[in-house]
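J.: Take a look at the following structure, please.
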Amino acid sequence: MNERVELIDINGDTSLTDSAKELLLQYGSYMFDELGLIAGKESFFKQLENFPGNIYLPPSGIFVIAKAGTAVMGCVGIKKFDDENCEMKRMFVSPEYRGKSIGSILCDFVIEWCHNSPYKGILLDTNLEMKNALLLYHKCGFKEIQPYCINENDHPVFMKYVL
């Protein structure tokens, strides 16, 4: 990968929204087909129909894609959870770009963006089956916490980064 990775806010550019939707379709396939997760499938694809909606809009949130040249490599969203916390959502790196630090770049972006916000913490929920994601979140400083939302999969993991 010779080109510099750019993180681009999708708001206001429909071509970027389409790229983000394609990534999220891959993410859904990964979660529900490859990993065999069941819970949340219907709501995931329903949300995708109206993506991005108004939950990823500044100043309370953002949705970015990672891109180098024409290659769209990954994505992540930040949305308001409550007055003190936001939630990191839909972190995904396409399989062909894994192992190239794209996940770290996305995670670092979320932390940096949130340091410049009024939030005091970043929440996320994931699943034990997403082993590489869990390793990344721990490496980035997220700590496991008690459940803060509903995740009906068999092995949910809830995490928080204190800003």
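The values are calculated or read from the model by the stated rules, or taken from the named source; none is laboratory data. Everything quoted here is computed from the prediction, not taken from an experiment. So basically every Cβ, Gly included, is an ideal-geometry build from the backbone, and we count neighbours across all protein chains shown.
J.: Kindly check whether there is at least one residue in the range 109-126 that is touching a Pro at 6+ places or on another chain (Cβ under 8 Å), of a type in the set (A, V, I, L, M), within 19 Å of residue 41 (Cα to Cα) and outside any helix (DSSP H, G or I).
T.: No, every residue in the range 109-126 fails to be touching a Pro at 6+ places or on another chain (Cβ under 8 Å), of a type in the set (A, V, I, L, M), within 19 Å of residue 41 (Cα to Cα) and outside any helix (DSSP H, G or I).
J.: Which residue out of 62, 150, 55 is at pLDDT 95 or above and either β-branched (Val, Ile, Thr) or touching a Leu at 6+ places or on another chain (Cβ under 7 Å) (or both)?
T.: On inspection, the qualifying residue turns out to be 62.
J.: Which members of the range 137-147 meet the condition of being surrounded by fewer than 19 Cβ atoms within 10 Å (Cβ to Cβ) and either closer than 26 Å to residue 100 by Cα or in contact (Cβ under 8 Å) with a residue 60 or more places away in the chain (or both)?
T.: Result: 138, 139, 140, 141, 143, 144.
J.: May I pose another question? Just the residues that are touching a helix residue (DSSP H, G or I) at 6+ places or on another chain (Cβ under 8 Å) and part of a helix (DSSP H, G or I), please, taken from the range 31-56.
T.: Those that are touching a helix residue (DSSP H, G or I) at 6+ places or on another chain (Cβ under 8 Å) and part of a helix (DSSP H, G or I): 31, 32, 41, 44, 45, 48.
J.: Something else now. Select, from 33, 9, the only residue that is under 22 Å from residue 123 (Cβ atoms) and acidic (Asp, Glu).
T.: Answer to the selection: 9.
J.: To continue, here is another question. Please enumerate the residues belonging to the range 57-94 that are outside any loop (DSSP other than H, G, I, E, B) and among the aromatic types (Phe, Trp, Tyr).
T.: Residues satisfying the conditions are 63, 92.
J.: Return yes or no: is residue 76 within 13 Å of the chain's Cα centre (by Cα), closer than 22 Å to residue 7 by Cα and in contact (Cβ under 8 Å) with a residue 40 or more places away in the chain?
T.: Taking the combined requirement at face value, the residue does not satisfy it.
J.: What are the residue pairs meeting all of these: first residue in the range 97-123, first residue crowded, with 20+ Cβ neighbours inside 10 Å and at pLDDT 95 or above, second residue hydroxyl-bearing (Ser, Thr, Tyr) and outside any loop (DSSP other than H, G, I, E, B), Cβ atoms under 6 Å, and 6 or more apart or on different chains?
T.: 122/161
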